[in-house]
Amino acid sequence: MSSTILESFLKVNLEELKEKGLYNVIDPLEGPNGPIIRINGKELINLSSNNYLGLATDKRLKEAARDAIDKYGVGAGAVRTINGTLKLHDELEKKLAEFKHTEAAIAYQSGFNCNMAAISAVMDGNDAILSDELNHASIIDGCRLSKAKIIRFKHSDMEDLRARAQEAKESGLYNKIMVITDGVFSMDGDIARLPEIVKIAEEFDLITYVDDAHGSGVLGEGAGTVKHFGLSDKIDFQIGTLSKAIGVVGGYVAGKKNLIDWLKVRSRPFLFSTSLTPADVAASKRSIEILMESSDLNKKLWENGHYLKKELKHLGFNIGHSETPITPCIIGDEGLTQQFSKRLNEEGVYAKAIVFPTVPQGTGRVRNMPTAAHTKEMLDQAIAIYKKVGKEMGVI
Ligand code: PMP
């Protein structure tokens, strides 16, 4: 017999979410997550994936994954510290350090996991964390797990950050103080003000932590936001994911050798959760090699991003203040946003509505993620559909 308290909790809350248009319906894909996807037998132009460079379906990565399966099997068989570290894991970590211009790197099973792992391995209840108010959920959860005092600063507001850093330092309450920010904010596409953050960090002796899930493969000719600003030796923790531009799955921290050595003995998902599979590791390594060999995919991504942004803005959509290929169309009302996304879908564009609690209430948006794999024809077709639906619904 199931709990009646649980039953009524779920019923009331699920109904409320559905009434408010906040219930997320999941549509399974019937093929790869490329520029065109198939859902319920229908082909759609895909503007919702994080597969920024199109590498998730690249044949070189598939080949690397197949070879790794042939050589090592499908599972790593244990956690990293028992005997789940394959030579492949070490090779990937060396490659990641090279890619990020750091002394060393450590890989985790996901980007989410990585934030849960890394923050709590270093910070504790005697410390404080200055966290941008728009930081990703995994950063927020990682901060909570550490038990450090969380001090939120206004989004990319350097005066606010400085004031809070000063206050925290002068209070004398904390052993260590860390500042954490996304490199690129995925809901708006804006870039963290890292040069100013580094200055403030130097002034108040803060540990610096940048989650570059959306900047890696995109900024700094692919090497990421930290490299984009030439700050590779100034950021203590460079976090990345292998699931977005890299096209596979997994997460990593790149930094000084001592830091990585510490994470290898103290970060719990490394110690207590089975390692990344051979196929994931081999494909990720191949992906990074491709990124380091040529910036062609990166250039194509930016070309597509500039084009889509220019055209949607020209049509009269509010595309916010994105500085990267991420192109939100901010609608506002949650219900209207869901409806707008649904109409786009009916016309042949898959652009998912992003609403509260992923973004603040009243700032619902349809977020577009052009990739290097989109052709100009695909983008033109999507833009024409945006125009039709935008006019029909009075959004433009
Ligand atoms: N950090 C940020 C900033 C992200 O956007 C995401 C993905 N949504 C993650 C971490 C989590 O990465 P992963 O999907 O690899 O778990």
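The values are calculated or read from the model by the stated rules, or taken from the named source; none is laboratory data. In this text, all values refer to a predicted model and were calculated from it rather than measured experimentally. Counting neighbours? That spans all protein chains shown, and the Cβs are built from the backbone with ideal geometry, glycine included. For the accessible areas, the whole protein counts, side chains as well, though only heavy atoms, and no ligand, DNA or RNA atoms are used. Shrake-Rupley method; radii C 1.70, N 1.55, O 1.52, S 1.80 Å.
Quick notes on this one:
- Scope the stretch 79-93; condition part of a helix (DSSP H, G or I) and open to solvent by 40 Å² or more (accessible area, probe 1.4 Å); matching residues: 87, 90, 91
- Subset tally (residues that are under 27 Å from the mean Cα position of the chain (by Cα) and at positive phi) for the stretch 53-77: 1
- Test: residue 165 is away from the ligand (no atom under 16 Å from the Cβ) and in contact (Cβ under 8 Å) with a residue 40 or more places away in the chain: yes
- Counted residues, the stretch 141-164 - those being of a type in the set (Lys, Arg) and in contact with a Lys or Arg (Cβ under 6 Å, 6 or more places away or on another chain): 0
- When the stretch 209-234 is filtered for residues that are closer than 15 Å to residue 115 by Cβ and either over 15 Å from the mean Cα position of the chain (by Cα) or aromatic (Phe, Trp, Tyr) (or both), only 209 remains.
- Selection within the stretch 18-41 - aliphatic (A, V, I, L, M), modelled with pLDDT of 95 or more and open to solvent by 40 Å² or more (accessible area, probe 1.4 Å): 29, 36
- Counting only residues that are open to solvent by 20 Å² or more (accessible area, probe 1.4 Å), over 18 Å from the mean Cα position of the chain (by Cα) and in contact (Cβ under 8 Å) with a residue 12 or more places away in the chain, the stretch 186-201 holds 2 of them.
- Residue within the stretch 110-122 that is over 15 Å from residue 269 (Cα atoms) and modelled with pLDDT of 95 or more present: no
- Selection status of residue 175, farther than 19 Å from residue 199 by Cα, at pLDDT 95 or above, in a loop (DSSP other than H, G, I, E, B) and within 16 Å of the ligand (Cβ to nearest atom): no
- In the stretch 110-157, residue farthest from the chain's Cα centre (by Cα) [restricted to those that are of a type outside the set (S, T, N, Q), farther than 18 Å from residue 358 by Cα and within 15 Å of the ligand (Cβ to nearest atom)]: 145
- Candidate set from the stretch 235-267 (those that are away from the ligand (no atom under 16 Å from the Cβ) and either within 17 Å of residue 183 (Cβ to Cβ) or at pLDDT below 95 (or both)); member that is surrounded by the most Cβ atoms within 10 Å (Cβ to Cβ): 255
- Complete set of residues in the stretch 94-143 that are closer than 14 Å to residue 251 by Cβ, touching an Asp or Glu at 6+ places or on another chain (Cβ under 9 Å) and part of a strand (DSSP E or B): 105, 106, 107
- Near pairs, Cβ below 7 angstrom, 6+ apart or cross-chain, from the stretch 343-366 (of a type in the set (Phe, Trp, Tyr)) to any residue that is open to solvent by less than 40 Å² (accessible area, probe 1.4 Å) and part of a loop (DSSP other than H, G, I, E, B): 350/47; 350/48; 356/22
- Filter pass, residue 106 being in contact with a helix residue (DSSP H, G or I) (Cβ under 6 Å, 6 or more places away or on another chain), hydrophobic (A, V, I, L, M, F, W, C) and within 16 Å of the ligand (Cβ to nearest atom): yes
- Wholly enclosed helices (runs of 4 or more DSSP H) of the stretch 268-386 bearing at least 1 residues touching a His at 6+ places or on another chain (Cβ under 7 Å) and open to solvent by 30 Å² or more (accessible area, probe 1.4 Å): none
- For the stretch 210-222, residues that are away from the ligand (no atom under 11 Å from the Cβ) and open to solvent by 10 Å² or more (accessible area, probe 1.4 Å) total 2.
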